[in-house]
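Structure first, then comments.
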Amino acid sequence: MGNMTNAYETLAVVLICCIAVLIVACLIRSVLGPRVTDRIVAVNSIGTMTIVIIAILSVLLEEAYLLDVCLIYAMISFVAVIVLTKIYTGVYREEEKEESQKEEK
Amino acid sequence: MEMFRFMIAAIFMFCGVFCMASAVFGMFRFRYVLNRMHTAATADTFGLLLTMIGLIIWKGFGFEALKMIIIVGFFWVSGPVSSHLIARMEVSTNKKLEEECEVKKYGEL
Amino acid sequence: MENFRLILLIFLVLCALFVSFSKNLLVSVVIFMSYSLIMSIIWVLLESPDLAITEAAVGAGVTSVLFFITLKRIGAIGKEHPDEQDETTKEINSRPAVKQFGKFYKGAAVTLGAAIIFALLLMVSNLPAFGDADNPYNNEVSERYLEKSIEETGAVNAVTGMILDYRAFDTFGESCVLFIAAACVLILLRDDKTDTTAKAIQDEKFEPVSDTILQTSAKILFPAILMFGIYILVNGHLSPGGGFSGGAIMGAGLILHVNAFGYKKTQRFFNEKTYKRVTVCALSFYCIAKSYSFFTGANHLESHIPLGNAGDIISSGLILPLNICVGLVVACTMYAFYTLFKKGGM
Amino acid sequence: MDFIRNFPFFSIIICMFSGIITSVLSGKKARNLCIGAVSIVTILSACVLFYTMQTNVSFIYMMGHFPAPWGNEIRAGILEGVLATVFSLILLLSLVSAYHRTEEDIEATKLNLFYLLIDLLLSSLLAIIYTNDLFTAYVFVEINTIAACGLIMIRQKGRTFGAALRYMVMSLIGSGLFLIGLSLLYTLTGHLLMSPAKEAMAKIIATDSYHMPVLIVLVLMSIGLAIKSGLYPFHSWMPDAYSYSTASASAVLSGLVSKAYIILLIKIIYRVVGIDFIVTSKMMNVLFVFGLVGMIMGSLNAILEKDIRRMIAYSSVAQIGYIYMGIGLGVEQGYVAAVYHILHHAATKALLFISVVGLSNVSGGSKLFPDLRGAGYRHRSAGVAFAVGSFSMVGLPTLSGFISKYLFATAAMSASPKKVFLTLVVLAVSTILNAIYFIHTVVTIYTPAEEEKPEFERHHWREKPWVAFSLLLFIALNFALGVFSQPIVDLITRGLQMFG
Amino acid sequence: MGSNLLVNYESVTAVILFGIGFTNLLLQKNLIKKIIGLNIMDTAVYLLLATQGYIEGRMAPIIVNGNTDPSLYINPVPSGLVLTGIVVSVSVSALMLALTIRLYKRYHTLNLDEILRHIQKEGH
């Protein structure tokens, strides 16, 4: 059974490091991203990858309550996406209203 | 038996991480915003499912497995809704949408 | 595991640098949100799940939402204007004296920052190494919290036992910090226009357009989020979590409900009056319960609160009701912050 | 365990509870509840003072069922009793004497939030005075900062938001430095409570193992608290913060809020590090030099000011310089003089800010010197109060200012020779500068204005008896501090001996 | 005792983040950047505090099936302090954001120097 645990351990560590590299790539995407949508999508996928990392860590460190953290992240990234999209569409609609008023004048 | 189970779990988790890597690769590769958003959303949800299945196989059945299923269930309900919201925001605010993809006005469907 | 920690730490420093040098405000807020996402992975690695949950719910969740709304109210989201300066400032900035002072100020601040970093680095190099057991703070104080936490406070989670029973005065001050910050935000952002017509027009403007897809999914997810918030709240003394994070999750659930169903439906069960009543009742119960336990403790009287047996939910004396009170206060305050920032009223 | 030992705990809880209740009350009820709570707290602190004077020992009050290094605890002695009584008395007087002005400045719907901020401010002041635990002190320092920021911005004008934001940025830098010093201190000593931390610190100093980190921790903590209390180089937020808020708010802010952080610094010096280590470390000289420079520069800026409220705010920059100079002397009498100056400055500054409100009421609400000419005749009690306050600041005998300058001089005698010369010179120069701008203002308000502007109405004290009565009480407090100075100085010395 | 600088990475990162946050709070002209700098500074201090509590090879301070031997768990005191600190920094940044909104509504700029110049122009 001994070699099984460190086999699992190396598997988990390798996976976590790959996902960490992916997170850094997502960060660069969110910095470069020309449009607001890229930024929201990048943060959303950083959130999902954090969920996966914490899930793997919780199985690796044998602590069941870390899975609550993953569930919280799922909720938080969902609420953040809703708020951001509502805000951006609201801002865009106001801009259009201003332009239409300017054209009427 | 133990080695067999480890192999299956490893395969599932590697596929999951591969999906995520393809999502990130897709985000950099595609030219139009909607394509980038599409790859990120689908691959994320699928990658999450595969990794979670791998973890469940690794951990065996118990409370952790139940929690992971709840997480996947929650994500499979909220993921598409958030992608829908982002896509609708993109469509309604992108002025130069025509040359990115042909858009049928509501009337012409 | 070693190099994984390194990748995350380098990621943190990268985020901090990106934030300070990025021109666009929305980019810096988005990067700051991913900064606190990664910070909570580091809390997991440092074996403190309580912090991971609180940072996730309170730090990453509510702070980022408040930042987004502030950016909207400031108009920094839509238009790509970095920092447009009106003509007087440009004229003033072009004067040589101001430019010279600007350079001096920038140089002084950077040297001050570098000096502080250097002093602290010198300090850190003398601190005990990372993670070794025989450091000065691993003494009888933390031993007793671990050994006696079950029999003295009844809490399985030693951190919650320490917060709500051993060092309860700090946490009482803590909920007063949240209460007074909510009062200040009320002073600033609540606009009490007396004429009801203007208020009606304004309410109409903020009513979100009803979107069936979001509403159907909110019908499923809103009860799930509230249920999960109550689970974290009630299990505060058994598993990590407790009042603050449970309350923040319920606050996030309320924010989801407002965004999906609009203010009119939410006002049916949660408006300004319920906010005031819930906060005052919860905080005054907290105040009375804690003064009772302080008074009996100081005068060595026997406080007749049963501790119950360790494992189940109704145990550990006052900790459960206190967690519920703190949870209610935090949930109402987070929702109040959201509505005050967005609309200036419940 | 006689019942009186609960009084410090009762006073903190009463203020917090009344603060929580005021959030639902209306403006008028909130004011009465707040004034009732503050007067009860004054009586309770006076009883604590008398009790500790009889038993002549500082008692420890366990907050909760667990003894020292595990649970929180409050420690009350003679010094804490004196400070608590004087602070709550000054808060009560400044509330009562300017409540009509507060009602004019603040919208009716937000009046109860003002009294909520005052309640929680007093409870955090008392908690900082009484606490024996470093992290509790940090939490209540945060409550103090947010309450003070709320008080600065309560008038909802453009200027007050700018002043409040500047205050918040500077004091958050201060509390950030204080927090990192606190966490490094915890890393070194392993204790958060002050008394066990002192033994651990004594062991560290004896073995000289962490010599460099102890010095860095001390520097971080004292710079953090110096920024928050507005010592000279970090004082830029002070003039705007004090001069733009309502009358009783600026009296409370300038008199009490910045003093709480200095008391916390003295507590850390006495109870965590011990005076002997302080004398050897060079750190105190830094504070001493900053104090001296603050005394001179504060008074110079005050002379150049045209607005009377900003002038008084700059003069409190100079007074904070006095206090840090007293601490920097590093001698027992130096601390006694510093604490006495805290009491003197709290009483006189609050008096000055309240009387300025009376003067500006009768001169068309403007605060510039030309309009204030002859205001002393129009509002008799405010003119007398302002004159008494300025003479006490300048250092007229029989008033508390003279006694504190005398205490500083005697304390300087027993300090190291270099410091003696510097202190005496700077003391003399700053007294002269004080005299210049205070006497100048007293002269302007008492020179009869050439043409009597019609719209300046004369104020008769029978219209608002409360205002005149509380101004009288303020003047009496100043005279009491000056005349009965010897018993008060003995109390402070006994308090400081048992403070360690 | 000299240099275990290279051993404890977390403390070094915490100190660097504290420096970055501190200079941001002091140097940035834009108010939103200042508030983000404040948040970075606070999280850096909490990282430093929580790193001191960590002990290699021990579990989180949740007593597993009644076995209360302290050498199994890490030190719970720092995580208690940081829990309080996180909520303090959330309430402070909410207050600062509200102030920024009111300042922007009044002066239509986020640059602190411009705001202070407008205030001086307004006179007493």
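Scanning the stretch D:64-76 for residues that are more than 10 Å from chain C (Cβ to nearest Cβ) and surrounded by 24 or more Cβ atoms within 10 Å (Cβ to Cβ) returns a single hit, D:A76. Considering only the stretch E:35-53, I want to know if a residue exists there that is facing chain C (nearest Cβ under 7 Å), among the hydrophobic types (A, V, I, L, M, F, W, C) and more than 18 Å from C:L12 (Cβ to Cβ). No. Pairing each residue of the stretch C:286-304 that is within 9 Å of chain D (Cβ to nearest Cβ) with any residue that is among the charged types (D, E, K, R) and surrounded by fewer than 16 Cβ atoms within 10 Å (Cβ to Cβ), provided the two are 6+ apart or on different chains, yields C-beta distances under 9 Å for C:T296/C:E302.
Checking the condition touching a Gly at 6+ places or on another chain (Cβ under 9 Å), assigned to a helix (DSSP H, G or I) and either free of Cβ contacts under 8 Å to residues at least 40 places away in the same chain or within 10 Å of chain C (Cβ to nearest Cβ) (or both), which residue from D:S175, D:S123 passes?
Selected residue: D:S123, the only one of D:S175, D:S123 that is touching a Gly at 6+ places or on another chain (Cβ under 9 Å), assigned to a helix (DSSP H, G or I) and either free of Cβ contacts under 8 Å to residues at least 40 places away in the same chain or within 10 Å of chain C (Cβ to nearest Cβ) (or both).
Residues in the stretch A:60-105 that are in a helix (DSSP H, G or I) and farther than 20 Å from B:D44 by Cα: 22 in all.
So which residues in the stretch D:51-76 are assigned to a helix (DSSP H, G or I), under 13 Å from D:R5 (Cβ atoms) and either in contact with a helix residue (DSSP H, G or I) (Cβ under 8 Å, 6 or more places away or on another chain) or among the small types (G, A, S) (or both)?
Taking the stretch D:51-76 and keeping what is assigned to a helix (DSSP H, G or I), we get D:51-55.
Keeping just the survivors that are under 13 Å from D:R5 (Cβ atoms) gives D:51-52, D:54-55.
Within the stretch D:51-76, D:Y51, D:T52 meet the criteria.
When the residues of the stretch B:1-27 are filtered to those that are more than 8 Å from chain A (Cβ to nearest Cβ) and not hydrophobic (A, V, I, L, M, F, W, C), the one that is farthest from B:T51 (Cα to Cα) is B:G26.
Just a yes or no: is a residue in the stretch D:262-277 closer than 21 Å to D:Y115 by Cα, of a type in the set (A, V, I, L, M, F, W, C) and outside any loop (DSSP other than H, G, I, E, B)? No, the stretch D:262-277 contains no residue that is closer than 21 Å to D:Y115 by Cα, of a type in the set (A, V, I, L, M, F, W, C) and outside any loop (DSSP other than H, G, I, E, B).
When you scan the stretch D:211-229, do you find a residue that is touching a strand residue (DSSP E or B) at 6+ places or on another chain (Cβ under 7 Å), part of a helix (DSSP H, G or I) and touching a residue at least 12 places away in the same chain (Cβ under 8 Å), even just one?
As a first pass, look at the stretch D:211-229 and keep what is touching a strand residue (DSSP E or B) at 6+ places or on another chain (Cβ under 7 Å): none.
No: the stretch D:211-229 contains no residue that is touching a strand residue (DSSP E or B) at 6+ places or on another chain (Cβ under 7 Å), part of a helix (DSSP H, G or I) and touching a residue at least 12 places away in the same chain (Cβ under 8 Å).
Is it the case that A:V21 is of a type in the set (V, I, T) and either in contact with a Cys (Cβ under 7 Å, 6 or more places away or on another chain) or touching a residue at least 12 places away in the same chain (Cβ under 8 Å) (or both)? Explain how you work it out, then say what you get.
Numbers: of a type in the set (V, I, T): yes; either in contact with a Cys (Cβ under 7 Å, 6 or more places away or on another chain) or touching a residue at least 12 places away in the same chain (Cβ under 8 Å) (or both): no.
Against the criterion (of a type in the set (V, I, T) and either in contact with a Cys (Cβ under 7 Å, 6 or more places away or on another chain) or touching a residue at least 12 places away in the same chain (Cβ under 8 Å) (or both)), A:V21 does not qualify.
Consider the stretch C:134-152 and keep the residues that are surrounded by 20 or more Cβ atoms within 10 Å (Cβ to Cβ), in a helix (DSSP H, G or I) and facing chain D (nearest Cβ under 9 Å). The one that is farthest from the chain's Cα centre (by Cα) is C:V141.
Let's see how each residue does on (1) within 23 Å of the chain's Cα centre (by Cα); (2) surrounded by fewer than 20 Cβ atoms within 10 Å (Cβ to Cβ); (3) at pLDDT 90 or above:
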residue	(1), (2), (3)
C:L307	no, yes, no
C:S315	no, no, no
C:C332	yes, no, yes
C:A336	yes, no, yes
C:K342	yes, no, no
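Checking the structure you have, find out if any residue of the stretch D:102-117 is away from chain C (no Cβ under 12 Å), buried (at least 24 other Cβ atoms within 10 Å of the Cβ) and in a helix (DSSP H, G or I).
As a first pass, look at the stretch D:102-117 and keep what is away from chain C (no Cβ under 12 Å): D:102-105.
Filter again for buried (at least 24 other Cβ atoms within 10 Å of the Cβ), leaving none.
Checked the stretch D:102-117: no residue is away from chain C (no Cβ under 12 Å), buried (at least 24 other Cβ atoms within 10 Å of the Cβ) and in a helix (DSSP H, G or I).
Taking E:K105, is it facing chain C (nearest Cβ under 7 Å), out of contact with any Phe, Trp or Tyr (no Cβ under 7 Å at 6 or more places or on another chain) and among the basic types (K, R)?
Values: facing chain C (nearest Cβ under 7 Å): no; out of contact with any Phe, Trp or Tyr (no Cβ under 7 Å at 6 or more places or on another chain): yes; among the basic types (K, R): yes.
No.
Give D:V169, D:V257 a once-over and let me know the one that is β-branched (V, I, T), at pLDDT 85 or above and surrounded by fewer than 23 Cβ atoms within 10 Å (Cβ to Cβ).
Details: D:V257 fails: surrounded by fewer than 23 Cβ atoms within 10 Å (Cβ to Cβ).
Exactly one residue qualifies, and that residue is D:V169.
Against the criterion of being in contact with a helix residue (DSSP H, G or I) (Cβ under 9 Å, 6 or more places away or on another chain) and either closer than 20 Å to D:I320 by Cα or surrounded by fewer than 20 Cβ atoms within 10 Å (Cβ to Cβ) (or both), D:D208 does not qualify. From the residues in the stretch D:35-63 that are closer than 14 Å to D:S123 by Cα and among the polar types (S, T, N, Q), which one is surrounded by the most Cβ atoms within 10 Å (Cβ to Cβ)? The extreme case among them is D:S45. Among residues of the stretch D:132-145 being under 17 Å from the mean Cα position of the chain (by Cα) and more than 7 Å from chain C (Cβ to nearest Cβ), the one that is surrounded by the most Cβ atoms within 10 Å (Cβ to Cβ) is D:N144.
Checked against (1) part of a loop (DSSP other than H, G, I, E, B); (2) more than 7 Å from every other protein chain (Cβ to nearest Cβ), E:K121 meets all criteria but (1).
Can you pull out the residues in the stretch C:16-48 that are farther than 20 Å from E:Y9 by Cα and not hydrophobic (A, V, I, L, M, F, W, C)? Show your work before the answer.
Step one: of the stretch C:16-48, the residues farther than 20 Å from E:Y9 by Cα are C:18-34.
Passing the criteria: C:S20, C:S22, C:K23, C:N24, C:S28, C:S34.
Screening the stretch C:200-314 for helices (runs of 4 or more DSSP H) wholly inside it with 1 or more residues that are more than 29 Å from C:A183 (Cα to Cα) returns the ranges C:212-234, C:272-298. The one condition from (1) hydrophobic (A, V, I, L, M, F, W, C); (2) within 27 Å of B:N94 (Cα to Cα); (3) more than 7 Å from every other protein chain (Cβ to nearest Cβ) that A:V43 does not meet is (3).
If you check E:L47 against the conditions, is it touching an Asp or Glu at 6+ places or on another chain (Cβ under 9 Å) and crowded, with 22+ Cβ neighbours inside 10 Å? Please lay out each step first, then the result.
Working: touching an Asp or Glu at 6+ places or on another chain (Cβ under 9 Å): yes; crowded, with 22+ Cβ neighbours inside 10 Å: yes.
Judged against the criteria, E:L47 is a match.
Scanning the stretch C:231-245 for residues being within 10 Å of chain A (Cβ to nearest Cβ) and crowded, with 24+ Cβ neighbours inside 10 Å gives a total of 4.
From E:Y73, E:Y107, E:Y46, which residue is among the hydroxyl-bearing types (S, T, Y) and in contact with a strand residue (DSSP E or B) (Cβ under 8 Å, 6 or more places away or on another chain)? So that I can check it myself, show each step before the final result.
On the way: E:Y107 fails: in contact with a strand residue (DSSP E or B) (Cβ under 8 Å, 6 or more places away or on another chain); E:Y46 fails: in contact with a strand residue (DSSP E or B) (Cβ under 8 Å, 6 or more places away or on another chain).
None of the other options fit; the residue is E:Y73.
I'd like the full set of residues that are within 7 Å of another protein chain (Cβ to nearest Cβ) and touching a residue at least 40 places away in the same chain (Cβ under 8 Å), limited to the stretch C:5-28. Within the stretch C:5-28, C:R5, C:L25, C:L26 qualify. Per the conditions (1) at pLDDT below 90; (2) crowded, with 24+ Cβ neighbours inside 10 Å; (3) more than 7 Å from every other protein chain (Cβ to nearest Cβ), the sole criterion not satisfied by E:D69 is (2).
If I filter the stretch C:153-190 down to residues being among the small types (G, A, S) and farther than 19 Å from C:G236 by Cβ, which single residue comes out as nearest to the other protein chains (Cβ to nearest Cβ)? The extreme case among them is C:A181.
The values are calculated or read from the model by the stated rules, or taken from the named source; none is laboratory data. The shown structure was predicted, so the numbers you read here are calculated from the model rather than taken from an experiment. With ideal geometry, Cβ positions are generated from the backbone for all residues, glycine too; neighbour counts draw on all protein chains shown.
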